[in-house]
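Below: the structure, in structure tokens.
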Amino acid sequence: MVDESQRRHRSSAHIKHPDTIEFAGDFNLAAIVLSNHMGTGVDTNTGGENILPQMQELNIYESITKKAITGSIVILDATNLIANLPIQGTERIIFKLSTPGTSESNDIVDASELTGHPFYVYKITNRKQISEGVLLYTLHFGSREFMRNLRTRVSRAYSGTIDTMVANIFADKSGLDSRKTLNFEETRNQDKVVIPNMRPLDAIAMLAKRALPKNTNGVGYYFYETTKGFHFRSWESMCVTQGSFERPVKATFQYKPMNMEEPQSSGMGKGPSRTQQRTKPKPKILEDYESVEFYEFVNNFHDVAANTVMGTYAHNVITHNIYDKSYNNSAWNYHLQFGETKHSEEKQDEAANNKFQVSESPVDFDNNGISDYPNSRVSLQPTTQFLHGEDTGSYGTDVIDDGKLEGTRISQIYQVTAGTRLKLIIKGHSYLEAGDMIQFNLFSVESTNSDRFDFDPQYSGRYIVASIRHRVTDQEYKMIIECVKDSVKIPFKSIDTFPGITDKEEPTFTNIYDKEKPSFLS
């Protein structure tokens, strides 16, 4: 709850230094300028109308599964701005949002004209009159690329590495024509690809499915926009750096019962004792920034039934080569091939190659593990050579690799989307963006009555930020984030033999006509 002193902080009479944090959730937001299609506003001296006093809530959405940023502003309008500006859906929104003390360009949400990139309004919803002369409505906006993508098409052939093709589409002056930073990971495969009259962002998304990282064995990239720019990268690049080194965490967050004191260790396993902790208290404001207001696990772990059907654990990919009329079977096995790619719990001195999210113990009388059933999902994938004069398959590599690569791509997608997914509500950190690595420390239930702070061995650990909702009101700045992990901190133990009763080796068949025969027929 924000107290009265924090509310006064937002009044126009209160002046503070932009580097001074008065409370966790504090922020710098001097103005939100709404500029119309003429480049002006009601107040023509400012080049637009400052709607910060009318703003009730500002939301900005970014995600590794969204190709562009969108957002909304809830406005309480007592000046009939909607008619006097007028607002028609072609306006720009200009502002600069930051956590006090952050001054680097990569640490702020910069939608200014001079150093950043304004957002573009595209619709108004929920308009209603709440009292005499007062309107309430929501302005929806997106990035320039969000709107540009709807107006242009790509229809041409590209050749070379996949990352080069993406860069060409990204910068094409007759297409997407982005002026932002594209953070990309090099690809090892190259090909010749014809883009058949597609929207630019859709074309890049299509290429992302074919991209193979230069330094790791994963398949498929994520293409998305954050408040800091665009990213074209693999899941593994979010887990490790340079394809092999431990990626440092951007921030550490923790949730603990109200009656527990703050521990000083951010590591896993055993934390400091309560006696040790009392001697080194953290500053209150730092403690508040690291504290989690609310958490829930959207997915506690893999939905085993759904992931079995989707091919996460086992997948038989049948490739049909149209060129020479041959076919090939490629069986994907989760437990055998998990170690070939990098994962969220990958650390310098602790590889994640056996930190499966599901045990490899047998699951049935046949003593097969969950990944030993390749027919859980069967896919037929047509492929060919020389489609554009290149002796390669669908991924720009040897055509015989297509089945294995497709199995890897499908499994990796669902390890992420259907893996452990965590939702957190925290204080606003303008430097965080989708794709960042964070540490989440969840105290075990036993810690409540223990002399030490023990972290949960499965649900604590390293998470990738999958999506962020920046939520700003006149009182404070919060973030609702969803984080995902595709591995566990401490490997599960497994056994070699199915633990069920195995003496019932044959089924029993009963004829119901015999079982229900009337006595007079006996």
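Once the Cα-Cα distance is subtracted from the 0.36 nm per residue extended length, the Ser361 to Phe520 segment shows a gain of 52.0 nm. Over the chain, Cα pairs under 8 Å with separation of 6+ residues give a relative contact order of 16 percent. Computed on the stretch 31-147, with alpha-carbon pairs under 8 angstrom and 6+ residues apart, the relative contact order is 26 percent. Peptide packing for 147-157, 483-493 was compared via the average number of neighbouring C-beta atoms within 10 Å per residue; ordered from the highest value, the list is 483-493, 147-157. Legend: calculated FRET efficiency, Asn353 to Arg153, from the Cβ-Cβ distance at R0 = 45 Å, rounded to 0.05, equals 0.55.
For the stretch 58-155, a/c is not less than 1.5, where a ≥ b ≥ c are the root eigenvalues of the C-alpha gyration tensor, and a/b does not top b/c. That puts it in the oblate class. Between Ser244 and Glu287, the contour length at 0.36 nm per residue exceeds the alpha carbon distance by 12.2 nm.
Once you have a ≥ b ≥ c as the square roots of the Cα gyration tensor eigenvalues for the stretch 147-206, tell me rounded if a/c is under 1.5, and otherwise prolate or oblate according to whether a/b is larger than b/c. Taking the square roots of the gyration eigenvalues as a ≥ b ≥ c, the stretch 147-206 is oblate.
Cα-Cα over 30 Å: which of Lys173/Lys423; Lys214/Lys493; Lys192/Lys489; Lys66/Lys123? Exceeds cut-off: Lys173/Lys423; Lys214/Lys493; Lys192/Lys489.
When a/c is below 1.5 the answer is rounded, else prolate if a/b is larger than b/c, else oblate, so apply that to the stretch 191-250 with a ≥ b ≥ c taken from the square roots of the Cα gyration tensor eigenvalues. Taking the square roots of the gyration eigenvalues as a ≥ b ≥ c, the stretch 191-250 is oblate.
With the simple spin-label model, which puts each label point 7 Å out from Cα in the Cβ direction, the Asn84 to His388 separation comes to 5.5 nm. Each residue, Asn197 and Ala305, gets one label point 7 Å from its Cα in the Cβ direction; the gap between the two is 4.4 nm. A dipole drawn for the chain from +1 and -1 charges on Cβ atoms has a positive end, and of Gln54, Thr20, Val292 the residue lying farthest that way is Gln54. Think of the chain as having a plus end and a minus end, set by charges on the Cβ of Lys, Arg, Asp and Glu; of Ser159, Tyr334, Phe440, Ser159 sits farthest toward the positive end of this dipole.
Helices of the chain meeting both criteria, an alpha-carbon length of 18 angstrom or more along the long axis and an average Kyte-Doolittle score not below -1.0, with helices taken as full DSSP H segments, are 402-417. Extension gain for the segment Thr125 to Thr510, taken as residue separation times 0.36 nm less the Cα-Cα distance, is 132.2 nm to one decimal.
Counting every other Cβ atom within 10 Å of each residue's Cβ, Val74, Val134 order from fewest to most as Val134, Val74. From the list [x] 27.4, 88; [y] 27.6, 104; [z] 23.0, 82, can you say which value of Rg and Dmax of the Cα atoms in Å was derived from the structure given? Step by step, Rg and Dmax of the Cα atoms in Å for this structure corresponds to label [y].
Among Phe498, Phe386, the ranking by other beta carbons within 10 Å of each residue's beta carbon, starting with the fewest, stands as Phe386, Phe498.
No lab work stands behind these numbers, since they all come straight from the coordinates. Predicted model, so just to flag it, every value in this text is computed and none were measured. Every residue, glycine as well, gets a Cβ built from its backbone with ideal geometry; the counts of neighbours run over all protein chains shown.
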